[in-house]
Amino acid sequence: MAIYLYTGKGAGKTTNALGLTLRSLGHGHKVIIIQFLKWWKKTGEWKIAKKFPNYKIYQFGRKGWKGFKNLTKEDRKLAQKALTFAEKIVKKEKPHLLIFDEINLAVYLKLINVKEVINSLKKIQKTKKDLDIVLTGRYAPKALINFSDFANKISVIKMPKKLIAKKGIQY
């Protein structure tokens with residue numbers, strides 16, 4: 001069992017987690033993704049769920065959320081709900097891989113406390129000993145980096161000035 005963390009300002013944090021998802025599913029493992037701050041259901045990772053019985057994805061984001069400046073009590077409530085849900089779903093579903101997509105950003109935005117996250121991760125680890133966990137999102141706090149077994153920083157070397165989101169690549 002290991003905790004993998006992907007952070008940094010570059011693109012590819014969620015994509016790395018989805019690569020691990022694909023590998024895990026290929027071995028017949030059960031995968032659960034819990035997305036913080038995300039609500040949009042037109043992404044590839046959301047659409048593919050109905051094709052894989054061992055793959056489930058849950059979103060805990062307020063519809064229409066688009067930035068750091070319009071955070072509400074509902075955003076905090078949803079982030080807390082995601083953590084509580086994760087503890088319950090691991091007990092019920094017994095996945096091999098659990099992904100907390102954008103949890104680092106949720107901590108950075110003070111929607112959830114880093115100590116709460118670490119306590120929740122410890123509880124989850126006790127529930128299922130052979131569970132691997134992935135944490136994604138920008139601005140990972142040092143405490144989560146230290147708590148993880150693997151930590152990777154994704155940086156931008158080069159990108160176009162105007163990025164066009166392409167179906168199947170960025171979403």
Single match in Lys56, Lys91, Lys66 (criterion: over 17 Å from Asn113 (Cα atoms), in contact with a helix residue (DSSP H, G or I) (Cβ under 7 Å, 6 or more places away or on another chain) and loosely packed, with under 15 Cβ neighbours inside 10 Å): Lys91
So Asp101, is it surrounded by 16 or more Cβ atoms within 10 Å (Cβ to Cβ) and modelled with pLDDT of 95 or more: yes
Filter pass, Leu163 being hydrophobic (A, V, I, L, M, F, W, C) and without any contact (Cβ under 8 Å) to a residue 24 or more places away in the chain: yes
Helices (runs of 4 or more DSSP H) enclosed by segment 41-143 - at least 3 residues per element that are among the aliphatic types (A, V, I, L, M): 73-93, 103-108, 114-127
Subset of segment 3-40 [among the hydrophobic types (A, V, I, L, M, F, W, C), within 27 Å of Ile157 (Cβ to Cβ), modelled with pLDDT of 95 or more and not in a strand (DSSP E or B)]: Ala17, Leu18, Leu20, Leu22, Leu37
Neighbours by Cβ (under 6 Å, 6+ apart or cross-chain): first from segment 33-46, closer than 16 Å to Lys77 by Cβ and basic (Lys, Arg); second in a loop (DSSP other than H, G, I, E, B) and modelled with pLDDT of 95 or more: Lys38/Gly61
Residues within segment 121-160 that are without any contact (Cβ under 8 Å) to a residue 40 or more places away in the chain and either in contact with a Leu (Cβ under 8 Å, 6 or more places away or on another chain) or at positive phi (or both), tallied: 1
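The values are calculated or read from the model by the stated rules, or taken from the named source; none is laboratory data. Predicted model only: the values in this text are computed from it and were never measured. Because the Cβ atoms are built from the backbone with ideal geometry, glycine has one as well, and the counts that use them run over all protein chains shown.
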